[in-house]
Each structure stands twice: as C-alpha cells, then as structure tokens.
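The values are calculated or read from the model by the stated rules, or taken from the named source; none is laboratory data. Quick caveat, the model's predicted, so the values are computed rather than measured. Cβ placement follows ideal geometry from the backbone for every residue including glycine, while neighbour counts extend to all protein chains displayed. Note: accessible area is taken over every heavy atom of the protein model, side chains too, but ligands, DNA and RNA are not part of it. Shrake-Rupley method; radii C 1.70, N 1.55, O 1.52, S 1.80 Å.
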Amino acid sequence: MPTGHDLSGLMKFLGRDEWQGCFNEVFDDHFGPVLEACEMEFEDLAGIVSDDWAMTLWGCAFEDFLTQEFDGQPANIVDDYVKRRGWKESAQSRAYMLALRTSVMSLYEVSNVVPGQSLVARDLIRGGEPVTVSEGTATKTLKQWDRIAARIVPVMGKNILAGGVLPFTPQATESLFDGLRTTFGKKKTKKLPALNDEELQAMASLFTLSWLFDTLDRVMRGPLLQNNDGDEIVFHNVRFPLASGVAPQDIASRLSRIPGMLQESEKFWSWMEEVPQGRDKPKTAGATTVDTLMDSGSNVIGNAELKDRFLHLSTNSAARAKNGTDLIRQVLGDLVRTPLTEIRTVEQMMAERPGRHTQTPSSSISSEIAEETIHQFLDRHYLDTLDQPVAMLGNKTPRQAARTPAGRQKTADWLKYLENQTAKQPDPNHPMATYSFEWIWKELGLRDLHR
C-alpha cells in the first residue's frame with residue numbers, strides 16, 4: 001500500500017467475523033475462476049508470479065471489498081471501521097480510506113512520467129480529460145504510454161494511485177475490453193460500452209482476472225518469439241565444407257544466382273526476402289516478432305559467409321534454414337560437401353552470452369556518434385514505413401490510415417505502441433531509448449492525439 005496511507009488497522013479489522021465471510025465472497029470473484037481453472041490455491045500464485053505480485057493482487061481484491069455494501073448494518077467495512085476506530089487514525093489515513101470507499105478501478109494510459117514525482121493518466125474506458133497523479137514509486141518503472149489498471153483517488157488535494165496497480169499488455173487489454181463488451185451486450189462492435197461509475201465498479205474483478213489469465217499464460221508458455229514469416233525463432237547455422245580445390249570466387253559467382261542473395265563484401269552476403277510488401281503472413285497471438293530490416297524496409301532472412309574453408313548459412317528458423325540449404329545445394333552442386341547444422345534456441349543463445357563484467361568494448365566509436373548514426377537509421381526506416389502497409393492499421397499505410405477519423409486514432413495507438421516499446425530499453429541512455437517520434441506525429445498531422 002502507498003507509503004503514508006496506512007491501512008494496517010483496517011486490515012486487522014477484516015478479521016472480525018462479520019466481515020470475513022463478506023471478504024471471502026469478493027476474494028472468490030477475483031480469483032476463483034483462475035484458481036479453479038489452474039487447480040491451485042492462492043498461495044501457489046506467489047511461486048508463479050512472485051510474492052510481490054501476489055500481494056498486489058490481494059490488494060486489488062481488498063480495495064474492491066472496501067467499496068462494497070452488504071446486507072445488514074453496518075453495510076460497509078470502511079464506514080464501520082471509521083465509526084469505531086477512526087479516532088486512532090491520522091487525518092491522512094482516514095481521508096485515504098474514505099476515498100477508497102467510493103473509488104473505481106479503471107484502465108489508464110500513462111504519459112508525461114516524472115520519475116519519483118508524477119504522471120498523467122488518461123481513462124481508456126470512461127474517457128474525460130487526463131489527470132495528473134502524484135506518485136513516487138510506480139513512476140520509477142512506468143514508461144510513456146504504458147497501460148495500468150488502477151484506482152486514482154483524491155486525498156487532501158492530490159490525486160494518488162491506490163496500492164493495487166496492474167500493468168496491462170495489449171493482450172490483457174483486449175481480454176478486458178472483450179469482457180466489458182460481452183457483459184454489456186456489445187459483442188459485435190469494437191467500441192466499448194459507455195459505463196457509469198456504478199457499472200464499472202461492479203466489474204472490478206474482471207481487471208484482476210484479465211491480468212492474471214494473461215500473465216499466467218505468458219509465464220507458463222514462456223516468451224514466444226517469431227520472425228516475419230510466423231516461424232518460431234530457432235537459430236540455425238548450416239556449415240557447408242568447401243570441396244578440395246574450390247576457391248572463394250567460385251562460390252561467389254554461383255551464389256549470385258540465388259534470388260535475393262545480395263553480396264555485401266568479398267565473403268559476406270545478405271539473403272533478402274523476395275515477396276511483395278504488405279503480404280499477409282501467419283502470426284501467433286501474443287508473440288513478439290523479431291527480424292532484421294534494411295534501410296529500404298526489405299527483410300533480411302539470412303546471411304551467408306565464407307570462413308575457414310566453410311560456407312556458413314545463418315538463419316533464425318527451421319523453415320528458412322531448409323529453404324536456404326536446398327537453394328545453396330542446388331546452385332553450388334559439387335563445390336560443397338554434405339553440410340552440418342548447428343541449432344540453438346533463444347534461451348541457449350542468451351545463456352552463451354558473456355556477462356557484462358566480462359565484455360570489452362568492440363568499437364572505439366563515441367556514444368554521441370553512435371546515437372546520431374542510429375537515430376539517422378531510424379529516421380530513414382520510419383520514413384519508409386509511413387508508406388508501407390502496417391498490420392495494426394488493417395494493412396493500410398500510416399499516411400493512408402491517418403486520413404480518416406477512425407484511422408487517425410488507430411495510427412495514434414500504433415505510434416504510442418512504438419514509443420512505448422522503444423522507451424522500455426533496459427538502458428535509458430541507449431540510442432534506441434532516446435529516439436524521438438515527435439516528427440512522425442507532426443508528419444501525419446496527429447499531434448493533437450499525442451496526449
């Protein structure tokens with residue numbers, strides 16, 4: 001719970017017989033479906049999502065309980081506690097309890113984060129003007145355009161976050177919105193129903209369940225990475241031994257026959273994708289797409305390199321490795337012998353990387369020059385992207401989508417997603433993390449939606 005807003009007395013009061021049964025009902029609303037589906041107890045969650053997240057989840061149910069009224073007198077635990085024990089509490093703690101009493105859980109989009117001080121939150125369900133929130137802890141980890149499920153409560157002239165704050169992924173967000181549309185009879189539209197505070201307050205458990213199902217799914221499956229073809233990322237290094245007497249120039253002259261094989265240097269080739277831009281490709285829901293793009297936007301699907309009497313073909317999937325192997329054997333024939341294939345998963349690659357303390361700088365290039373170079377590359381990349389079909393925009397280009405009212409909002413959401421992912425670089429000083437998308441908002445005429 002927030003520092004300076006002590007609820008320990010209220011939590012002890014929860015142990016009274018008249019309130020324990022009521023709390024169990026609310027607790028079951030928040031966790032029953034998940035615990036039943038996974039055949040586990042609440043205590044088991046800590047081993048999966050961590051002790052801290054388990055406590056945050058419990059706090060979400062507790063805060064919901066504080067808002068509810070039950071049969072009998074007194075009907076609400078906050079009213080009962082303040083009447084009986086309120087004199088023991090500080091004015092600030094008492095004001096915080098009463099604010100929680102009428103609070104509503106909603107989904108907010110975060111912007112203008114000042115670490116250790118404040119953030120601006122825009123309600124994605126009820127709408128309205130964004131509000132400034134005084135917050136010291138969460139602002140140290142939140143990034144621009146993050147989405148959080150939270151209760152924003154006014155206490156002594158300031159808006160603050162209650163303790164139950166849950167970060168929402170795009171998948172958890174869609175699950176939540178689907179639940180709201182289904183509950184309020186809006187299944188066949190993407191537009192959210194207009195909800196008043198009382199209706200949204202009654203849906204508090206849906207926020208917990210949406211977050212939990214999404215988190216458990218990702219934790220139990222592990223992160224799924226795929227390339228632009230929809231193939232799972234598994235790194236393949238196919239080594240073709242050169243036949244006796246074969247010279248590098250013999251290999252080079254034949255490799256050029258492979259469609260998309262672009263020679264970058266005397267002994268290195270980039271294997272480019274030879275398909276029309278904007279082609280629909282299979283994608284796995286919730287997967288992260290990883291691939292390499294050239295300045296032109298063309299997709300690199302592999303590399304070939306001559307090294308130590310071997311031709312090395314490197315790709316990031318089994319399908320690409322097989323296709324590349326077949327093409328190389330077809331054009332090189334008896335210039336190479338039977339290849340050997342080394343396969344490594346993402347986990348193995350990460351495990352093989354040396355720790356930061358053992359690494360030495362691979363280049364003497366200054367950080368300023370590196371940042372300028374990367375920013376120039378990103379400028380060119382995104383300038384090309386503005387005229388390329390984007391899946392999130394219904395395979396329209398950003399320029400096309402930004403011409404209609406509905407497309408403007410979709411394009412703004414796409415830009416926010418790009419900014420949010422860029423801001424999540426582990427090193428805040430990395431050139432990727434410092435890149436500004438301001439020019440793209442201006443280029444597309446969307447600056448009024450940058451809020």
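Overview of values
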read-out	value
Simple label model, 7 Å out from Cα along Cβ direction - residue 266 to residue 443, nm	3.8 nm
Overall form of region 154-215 per C-alpha gyration tensor (a/c, 1.5; a/b vs b/c)	oblate
Ranked packing of 23-30, 232-239, most packed first, by mean Cβ within 10 Å	232-239, 23-30
Sorted largest first, extent of region 1-60 alpha carbons per principal axis (Å)	34, 28, 14
Largest-first ordering by accessible area, 1.4 Å probe, given options 143, 396, 12	12, 396, 143
Solvent-accessible area per residue for region 16-82 (1.4 angstrom probe, square angstrom)	50 Å²
Lys/Arg +1, Asp/Glu -1 at C-beta; region 35-90 dipole; positive extreme among 61, 37, 77	77
Violating pairs (Cα-Cα greater than 30 angstrom) within the set 88/143; 143/410; 143/190; 267/424; 267/416	88/143; 267/424; 267/416
Counted charge near residue 445, where neighbours are those whose Cβ lies closer than 12 Å (Asp, Glu -1; Lys, Arg +1)	+3
Sequence ranges 128-140, 242-254, ranked by mean other-Cβ count within 10 angstrom, highest first	128-140, 242-254
Hydrodynamic radius (Kirkwood) for region 178-271, which is based on Cα pairs only, to one decimal in Å	19.5 Å
Region 122-202, accessible surface, carbon-and-sulfur percent (1.4 angstrom probe)	49 percent
Solvent-accessible area of residue 18 with every protein chain in place, 1.4 Å probe, in Å² to the nearest 10	80 Å²
When the convex hull of its Cα atoms is projected in every direction, mean area for region 112-237 (nm²)	11.0 nm²
Directionally averaged shadow of region 56-171, computed from the convex hull of its alpha-carbon atoms, nm²	8.3 nm²
Overall form of region 1-116 per C-alpha gyration tensor (a/c, 1.5; a/b vs b/c)	oblate
